[in-house]
Amino acid sequence: MSGKSIADSQFDRAANLINLEPYMRRILCSPFREVQVEVPVRMDDGHIEVFTGYRIQHNGARGPCKGGIRYHPDADHDEVLGLATIMTWKTALMDIPFGGAKGGVTVDPKRLSKLELERLTRRFTQRISIMLGPYRDVPAPDVNTNPQVMAWILDEYSSRHGYTPAAVTGKPVSLGGSLGREEATGRGVMYVMTEYARDFGIPLQGSRVVIQGFGNVGGHLARLLVAEAGAKVIAVSDVDGGVVNEKGLDIPALLAHTAARGRVSEWKGGTAITNEQLWALSCDWLVPAALGGVITKEHNARTIACKVVVEGANEPTTPTADLILEERGIPVIPDFLANAGGVTVSYYEWAQNLQQYRWTHEQVNRELKATITKAARPRQAAGGNAPHGGVCDRAAEGGGGGAASGKLRAEGRQDGRTEPFRLAVFPSSFSMAASPAANTASDTHPDPAA
Ligand code: NAD
């Protein structure tokens with residue numbers, strides 16, 4: 001099970017619990033617009049390879065579509081659609097004025113030279129540029145893409161439309177990127193863990209953390225947990241394997257090792273392990289921060305030995321694994337909350353670009369903390385009287401709480417009533433004329449009730 005079927009299964013559980021009307025289910029389960037493109041690229045030796053790319057806009061009712069671009073051999077229509085769907089829930093939960101989108105190219109970027117990667121990125125951007133724009137659809141980095149790739153996208157887009165820094169986020173700071181964007185997803189994961197730590201009586205200080213994936217999300221998270229939260233990161237892994245040290249890894253030294261193109265498993269500051277062995281390690285927090293579908297019923301849901309799973313990656317836990325973890329009393333902090341720091345700071349970057357104004361790093365971090373903490377505790381944020389009323393507490397009350405139930409609890413009614421949930425496609429306060437975030441009329445779903 002992967003991609004769209006994971007997102008749909010979780011959506012159905014939530015929609016049933018709030019008796020969501022059939023027409024809303026239809027709208028929210030289907031993409032607004034999607035393209036598949038052919039991406040021919042001249043390779044360094046002169047021959048031409050043809051790759052396949054996707055850009056899928058899931059929903060734009062709350063603002064321009066927003067979502068990363070992934071380069072991976074397994075990136076296909078199903079995966080990109082599932083990820084685009086989650087972006088809609090994520091931007092809504094963070095209450096930022098964006099919808100959901102995602103893009104991907106089926107390619108193993110490790111096989112490409114830097115120049116081939118640039119040509120691929122520019123050609124892909126040309127092919128999808130008709131869908132992009134600061135008020136239409138704004139890409140960002142995801143797996144195997146980074147500020148350099150975003151710089152190529154910006155350059156290619158701007159060569160057609162004029163200088164438009166707000167057309168893409170996650171850019172280098174020198175080209176209008178935001179301070180703090182690169183670490184934002186990992187930082188957001190840490191802020192959410194901090195909220196959970198209080199509720200579950202597992203103080204981050206001194207607690208044992210295992211992280212799968214040592215890229216943008218996993219690497220920054222490990223660094224911040226050690227430097228700012230006093231946690232002990234005992235094991236991490238990348239695609240080739242991992243390393244464990246029960247006393248806690250020296251994360252700055254390990255980051256320097258991987259920055260010099262070393263493999264995590266070759267690091268001498270611990271014992272090498274396989275990715276398989278990583279799942280069996282006993283720890284307080286287990287953070288999948290690599291790819292989707294890694295915690296499954298068949299594989300590891302019955303054997304992982306942590307107190308809490310934190311979904312740093314998108315869709316790492318399949319719905320059946322969610323249920324098993326719930327039975328075992330292991331809460332799952334869902335992806336669309338845990339890793340929402342990236343899109344939140346992307347929103348700040350977009351806003352800074354539109355205002356032609358730069359925030360300080362401290363300001364970015366402060367705003368991120370406030371936004372993601374508020375999302376984790378919606379009842380408290382809404383002025384409710386429960387001191388701890390967020391996703392975390394309700395998961396605790398249920399003796400667990402899978403990602404799907406976490407999602408519902410984060411977004412649904414907070415008063416326990418289950419009367420039909422009537423969400424206008426455009427909320428009454430939404431003004432196309434007044435909102436700079438609004439798409440053009442033809443870019444949004446028509447309201448069937450209008
Ligand atoms: P990345 O490309 O920077 O890093 C991915 C890491 O995972 C690398 O260390 C890689 O070696 C490792 N990896 C890949 N395949 C693996 C495997 N089979 N087993 C173990 N490790 C493996 O990607 P990223 O940006 O850190 O994204 C990681 C996850 O976080 C993805 O699910 C992504 O969608 C999600 N995410 C990223 C952002 C962001 O801002 N970058 C935001 C939200 C969510």
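The values are calculated or read from the model by the stated rules, or taken from the named source; none is laboratory data. Values in this document were obtained by computation on a predicted structure and should not be read as measured data. Note that we place each Cβ from the backbone using ideal geometry, even for glycine, and neighbour counts take in every protein chain shown.
So here's what we get for this one:
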read-out: Any hit, the stretch 356-367, residues being in a helix (DSSP H, G or I), within 16 Å of the ligand (Cβ to nearest atom), at pLDDT 95 or above and buried (at least 19 other Cβ atoms within 10 Å of the Cβ); value: yes
read-out: Residue match in the stretch 273-283 (condition: crowded, with 23+ Cβ neighbours inside 10 Å and in contact with an Asp or Glu (Cβ under 6 Å, 6 or more places away or on another chain)); value: no
read-out: Residues located in the stretch 286-303, provided they are within 16 Å of the ligand (Cβ to nearest atom) and closer than 23 Å to Phe200 by Cβ; value: Leu286, Val287, Pro288, Ala289, Val294, Ile295, Asn300
read-out: Failed condition for Met43, given (1) out of contact with any helix residue (DSSP H, G or I) (no Cβ under 6 Å at 6 or more places or on another chain); (2) farther than 24 Å from Phe336 by Cβ; value: (1)
read-out: In the stretch 158-182, the residues that are surrounded by 24 or more Cβ atoms within 10 Å (Cβ to Cβ) and either within 16 Å of the ligand (Cβ to nearest atom) or not small (Gly, Ala, Ser) (or both); value: Val168, Thr169, Gly170, Lys171, Gly177, Ser178, Arg181
read-out: In the stretch 290-306, the residues that are surrounded by fewer than 18 Cβ atoms within 10 Å (Cβ to Cβ), of a type outside the set (Val, Ile, Thr) and assigned to a loop (DSSP other than H, G, I, E, B); value: Lys297, Glu298, His299, Arg302
read-out: In the stretch 29-50, the residues that are surrounded by fewer than 20 Cβ atoms within 10 Å (Cβ to Cβ) and in contact (Cβ under 8 Å) with a residue 60 or more places away in the chain; value: Arg33, Val35, Val37, Glu38, Pro40, Arg42, Met43, Asp44
read-out: Count of the stretch 330-346 residues which are assigned to a helix (DSSP H, G or I) and either under 19 Å from Ala166 (Cα atoms) or touching a strand residue (DSSP E or B) at 6+ places or on another chain (Cβ under 6 Å) (or both); value: 7
read-out: Hey, Gly63 more than 11 Å from the ligand (Cβ to nearest atom) and part of a loop (DSSP other than H, G, I, E, B) or not; value: yes
read-out: Odd one out for Cys306, checked against (1) closer than 15 Å to Ile211 by Cβ; (2) within 14 Å of the ligand (Cβ to nearest atom); value: (2)
read-out: Residue within the stretch 108-119 that is in a strand (DSSP E or B), modelled with pLDDT of 95 or more, touching a Leu at 6+ places or on another chain (Cβ under 8 Å) and within 15 Å of the ligand (Cβ to nearest atom) present; value: no
read-out: Of all residues making up the stretch 142-155, the number that are within 13 Å of the ligand (Cβ to nearest atom) and either out of contact with any helix residue (DSSP H, G or I) (no Cβ under 6 Å at 6 or more places or on another chain) or assigned to a helix (DSSP H, G or I) (or both); value: 8
read-out: Answer residue from the stretch 257-275, given it is among the polar types (S, T, N, Q) and not in a loop (DSSP other than H, G, I, E, B) and is nearest to the ligand (Cβ to nearest atom) among those; value: Asn275
read-out: Exclusive hit being assigned to a helix (DSSP H, G or I), within 15 Å of the ligand (Cβ to nearest atom) and in contact (Cβ under 8 Å) with a residue 40 or more places away in the chain, set Glu349, Glu326; value: Glu349
read-out: Selected residue (criterion: surrounded by the most Cβ atoms within 10 Å (Cβ to Cβ)) from residues of the stretch 51-90 that are touching a helix residue (DSSP H, G or I) at 6+ places or on another chain (Cβ under 6 Å) and of a type in the set (Ser, Thr, Tyr); value: Thr85
read-out: Candidates Ala222, Ala253, Ala235 - the one that is of a type in the set (A, V, I, L, M, F, W, C), surrounded by fewer than 24 Cβ atoms within 10 Å (Cβ to Cβ) and either part of a helix (DSSP H, G or I) or within 15 Å of the ligand (Cβ to nearest atom) (or both); value: Ala253
read-out: Subset of the stretch 228-250 [under 23 Å from the mean Cα position of the chain (by Cα) and closer than 14 Å to Met190 by Cβ]; value: Glu228, Ala229, Ala231, Val233
read-out: Restricting the stretch 239-249 to residues that are away from the ligand (no atom under 13 Å from the Cβ) and more than 16 Å from Ala229 (Cβ to Cβ), the residue that is surrounded by the fewest Cβ atoms within 10 Å (Cβ to Cβ); value: Lys247
read-out: Filter result for the condition that a residue is touching a residue at least 60 places away in the same chain (Cβ under 8 Å) and in contact with a His (Cβ under 7 Å, 6 or more places away or on another chain), over Gly215, Gly170, Gly180, Gly188; value: Gly180
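Here is a yes/no grid of residues against (1) in contact with a helix residue (DSSP H, G or I) (Cβ under 6 Å, 6 or more places away or on another chain); (2) free of Cβ contacts under 8 Å to residues at least 60 places away in the same chain:
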| position | (1), (2) |
| --- | --- |
| Gln205 | no, yes |
| Arg223 | yes, yes |
| Ile234 | no, yes |
| Lys247 | no, yes |
| Ala272 | yes, yes |
| Ile295 | yes, yes |
| Cys306 | no, no |
| Pro319 | yes, no |
